[in-house]
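The values are calculated or read from the model by the stated rules, or taken from the named source; none is laboratory data. Computed from a predicted model, the values in this text were never measured in an experiment. Heads up, the Cβs are rebuilt from the backbone with ideal geometry, glycines too, and the neighbour counts pull from every protein chain shown.
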Amino acid sequence: MAHQFGKTSLRHRIAPWFAGFDGPLALAVFILACAGLLTMYSSGFDHGTRFEDHARNMLIAGTIMFVVAQVPPQRLMALAVPLYILGVTLLVGVAVFGIAKKGARRWINVGVVIQPSEILKIAMPLMLAWWFQKREGQLRPLDFVVAGVLLMVPVGLIMRQPDLGTSLLVLAAGMAVIFFAGMSWKLIVPPVVLGLVGITLLVVFEPQLCADGVRWPVLHDYQQQRICTLLDPTRDPLGKGFHIIQGMIAIGSGGVFGMGFMQGTQTHLEFIPERTTDFIFAAYSEEFGLVGNILLILAFLFLILRGLAIALEAPTLFSRLLAGAVTMIFFTYAFVNMGMVSGILPVVGVPLPFISYGGTAMVTLGLALGILMSISNAKRLVQS
């Protein structure tokens, strides 16, 4: 009887730690994690300890998610300003005396070598959500201008490093907060139209714009080369266009049902560069085909829709904006990576969530999931 009582007592002590976990969100993450482990086992089985390291990174991300899920949104809001100031200060430090590798100055030594731009992936939506929460019910156009300045300062510093992939993710997270805060469509439509016109002109005049000796203002040379390579990968098939061409060949080789688990020729004959990191979607597509891709996209859509549902039901403006922006981080990661590998977007260093190998990205994903779990738990507490 005492033993039975002890079991019940232990269960009651543990239950509150898991009470706030959102079941559908956890299911979506579990499906994607399984797909990631399966793909990593195939593409990285002859790549040292890549599979074991990927599993370890997932465990670390899961632990971070579990810890952050216990932190109420009010505590997260209190961290917004200090975390933003810390991130921007470190970015300024990178610009002044950062560590340069392969032509990019992205790291700084503060006892340990860190990449401060990663902090802004979470600090940026936190800061903007805090800003709009403080002005709830009295929003003016000037408040959106200030939010834009708060966003463009870190984005500009990150682009200066240069790091196009991370700056794109930080920009997307910040713009999501501004959009969900009620930014007028009159301010959104003109830039979108201008962007579409610019892309159309770029495609039409590609031979002239990408001719030898032509240099574009604003962009670095390597960024210009990536865009030109996207428009015509055959321009340099064994050099800058090799990644895109091999990725498209692998995706096409998969057909409808794929070549089968561990049967991908492009993957295992090492034609796909970075097959365990940025280009792992090509390896996945080759082995699981169109059907596998549809299932993977549905899993991501399930995750994104569940995140938006949590945002919709959140009890405060801060938590609604934060949950919406964090959810759009997953969308941006997946959309940019799949588009890049498929040859419809330029090659940037953006991994595929839960599928690609990468410790830093996995930590960011763990933080984002923990924030969603925390907001979901807060909603339950308010309703009870």
Inset, instruction - Output the residue which, of all residues in the range 152-166 that are touching a Ser or Thr at 6+ places or on another chain (Cβ under 8 Å) and not in a helix (DSSP H, G or I), is farthest from Asn337 (Cα to Cα). - result: Gln161
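May I ask you to say which residue of Val192, Val214 is assigned to a helix (DSSP H, G or I) and either more than 30 Å from Ser43 (Cα to Cα) or more than 26 Å from the chain's Cα centre (by Cα) (or both)?
On the way: Val214 fails: assigned to a helix (DSSP H, G or I).
From the options Val192, Val214, the qualifying one is Val192.
Of the residues Ala282, Ala334, Ala325, only one is assigned to a helix (DSSP H, G or I) and more than 13 Å from the chain's Cα centre (by Cα); which?
Working: Ala334 fails: more than 13 Å from the chain's Cα centre (by Cα); Ala325 fails: more than 13 Å from the chain's Cα centre (by Cα).
Result of the check over Ala282, Ala334, Ala325: Ala282.
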Inset, instruction - Go through the residues of the range 37-45 one by one and say whether even a single one is of a type outside the set (Val, Ile, Thr), closer than 22 Å to Val326 by Cα, surrounded by fewer than 19 Cβ atoms within 10 Å (Cβ to Cβ) and at pLDDT below 80. - result: no
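To keep it simple, each residue is scored yes or no on (1) within 30 Å of His268 (Cβ to Cβ); (2) aliphatic (A, V, I, L, M); (3) part of a helix (DSSP H, G or I).
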position	(1), (2), (3)
Leu32	yes, yes, yes
Gly36	yes, no, yes
Ala61	yes, yes, yes
Met65	no, yes, yes
Leu79	no, yes, yes
Leu90	no, yes, yes
Trp107	no, no, no
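Among the residues of the range 234-252, which ones are surrounded by 19 or more Cβ atoms within 10 Å (Cβ to Cβ) and modelled with pLDDT of 85 or more? Break it down stepwise before answering.
Filtering the range 234-252 for residues surrounded by 19 or more Cβ atoms within 10 Å (Cβ to Cβ) gives 241, 243-244, 246-247, 250-251.
The answer is Ile244, Gln246, Gly247, Ala250, Ile251.
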Inset, instruction - Would you mind stating whether Val341 is touching a residue at least 24 places away in the same chain (Cβ under 8 Å), touching a Gly at 6+ places or on another chain (Cβ under 7 Å), within 26 Å of Ala283 (Cα to Cα) and among the hydrophobic types (A, V, I, L, M, F, W, C)? - result: yes
Legend entry - Near pairs, Cβ below 6 angstrom, 6+ apart or cross-chain, from the range 348-369 (over 16 Å from Met328 (Cβ atoms) and polar (S, T, N, Q)) to any residue that is modelled with pLDDT under 90 and surrounded by fewer than 24 Cβ atoms within 10 Å (Cβ to Cβ): Ser356/Thr277; Thr360/Glu118
Legend entry - Criterion: within 23 Å of Leu150 (Cα to Cα), in a helix (DSSP H, G or I), out of contact with any Phe, Trp or Tyr (no Cβ under 6 Å at 6 or more places or on another chain) and of a type in the set (Gly, Ala, Ser) - qualifying residue of Gly182, Gly174, Gly198: Gly174
Inset, instruction - Could you tell me whether Val149 is surrounded by fewer than 15 Cβ atoms within 10 Å (Cβ to Cβ) and part of a helix (DSSP H, G or I)? - result: yes
Inset, instruction - From Gly289, Gly359, grab the single residue that is in contact with a helix residue (DSSP H, G or I) (Cβ under 9 Å, 6 or more places away or on another chain), closer than 22 Å to Leu168 by Cα and surrounded by fewer than 21 Cβ atoms within 10 Å (Cβ to Cβ). - result: Gly359
Inset, instruction - Mind listing just one residue for me: the one in the range 337-355 that is modelled with pLDDT of 90 or more and surrounded by fewer than 24 Cβ atoms within 10 Å (Cβ to Cβ) and, of those, nearest to Phe279 (Cα to Cα)? - result: Met338
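So how many residues does the range 217-242 have that are part of a helix (DSSP H, G or I) and not acidic (Asp, Glu)? Break it down stepwise before answering.
Of the range 217-242, the ones part of a helix (DSSP H, G or I) are 221-231, 233-235, 242.
Subsequent filtering for residues that are not acidic (Asp, Glu) retains 222-231, 233-235, 242.
Going through the range 217-242 one residue at a time, the tally reaches 14.
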Inset, instruction - Test Val94 against the stated conditions and say whether it is in a helix (DSSP H, G or I) and modelled with pLDDT of 85 or more. - result: yes
Legend entry - Whichever residue in the range 159-217 is surrounded by fewer than 16 Cβ atoms within 10 Å (Cβ to Cβ) and of a type in the set (Ser, Thr, Tyr) and, among such residues, is farthest from Asp236 (Cα to Cα): Ser184
